[in-house]
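Enquirer: Before we start, here is the structure in question, set down as C-alpha cells.
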Amino acid sequence: MATAAAQPQPVEIPDKLYFRIGEVSRLTGVKASVLRFWESEFPQLHPKKSGTNQRLYRRKDIETVLEIKRLLWEKRFTIEGARAALAEQRHARRQERAAPAAQEAQTAPPPAPPVHILQRHLFAPDPERAAALLDRVRQELKAVLALLSD
C-alpha cells in the first residue's frame, strides 16, 4: 500500500513583534545552530540583536526561515540555489508592487505644478496685501524662534 507524501502543516506565527531564537526554532522545527548558520548564508535573513546580543526575529524573518526550509529540505535546492530563488522571489514581489503604480502613473493626468503660497501673494497686483502677508510670516517665525530659544 502506497502512502501519500505528507504535506507540511502550515505554521501559525503568534501575533508578536519579536521572537527569540528558541521560539523560532520551536515554531519552524529548525535547530538554533542551523538558524545561526543560515544567517551567514542568506542575506535575506537578518534578525535584529538586542542590547544583550540576543537575536530578535520578526514575523518577516520567520517567514523567510520557513521559505528557506521549504527550498532546502522539501525542494532539495542547494544553498546557492535557494539563495538565488529567494532573490528571484523578492524581485518578482517588487515587480508586482511596481506594476499598479506604473499603470496608475500612465492613466493619471499630470499633477499641476505647485505654486508656493508666498509666490501667489507676493506677485499679486496688491502690494499692501503682500506686505501684510510678509509681516504675518515674520511675526510667526519670531514666535517659533522664541519657543525654540526657551
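Throughout, read-outs are computed from the coordinates displayed, never taken from laboratory work. Not measured: the values here are computed from a predicted model. Cβ coordinates were reconstructed from backbone atoms using ideal geometry, including for glycine residues, and neighbour counts include every protein chain displayed.
Enquirer: Exposure proxy check: Trp38, Trp73 ranked by fewest other beta carbons within 10 Å?
Expert: On the way: Trp38 19, Trp73 13.
By the 10 Å Cβ count, ascending, the order reads Trp73, Trp38.
Enquirer: Still on this structure, please answer the following. When the Karplus curve 6.51 cos²θ - 1.76 cosθ + 1.60 is applied with θ = phi - 60°, which whole-Hz ³J(HN,Hα) does each residue of the range 132-138 get, with x for Gly and Pro?
Expert: These are the phi-based 3J(HN,Hα) values: 5, 5, 4, 4, 5, 5, 4 Hz.
Enquirer: Please report, in Å, the Rg and the Dmax of the range 19-105, where both are computed over Cα atoms only.
Expert: Every Cα atom of the range 19-105 included, Rg and Dmax give 14.9, 47 Å.
Enquirer: I've got another one for you. May I ask which of Lys31/Lys60; Lys16/Lys69; Lys49/Lys75 have a Cα-Cα span longer than 20 Å here?
Expert: Details: Lys31/Lys60 18 Å; Lys16/Lys69 22 Å; Lys49/Lys75 30 Å.
Table pairs above 20 Å Cα-Cα are Lys16/Lys69; Lys49/Lys75.
Enquirer: Taking the Cα centre of the range 21-91 as origin, work out the dipole magnitude from +1 charges on Lys and Arg Cβ and -1 charges on Asp and Glu Cβ, in debye rounded to 20. Don't skip to the end; give the middle numbers.
Expert: On the way: 15 positive and 9 negative charges, 43 e Å.
The dipole magnitude comes to about 200 debye.
Enquirer: Does the range 20-67 come out rounded, prolate or oblate, given a ≥ b ≥ c as the square roots of the eigenvalues of its C-alpha gyration tensor, rounded meaning a/c under 1.5 and, failing that, prolate meaning a/b above b/c? Kindly include the intermediate steps, with their values, before the conclusion.
Expert: Values: a/c = 1.38, a/b = 1.19, b/c = 1.16.
Rounded is the answer for the range 20-67, as its axis ratio a/c remains below 1.5.
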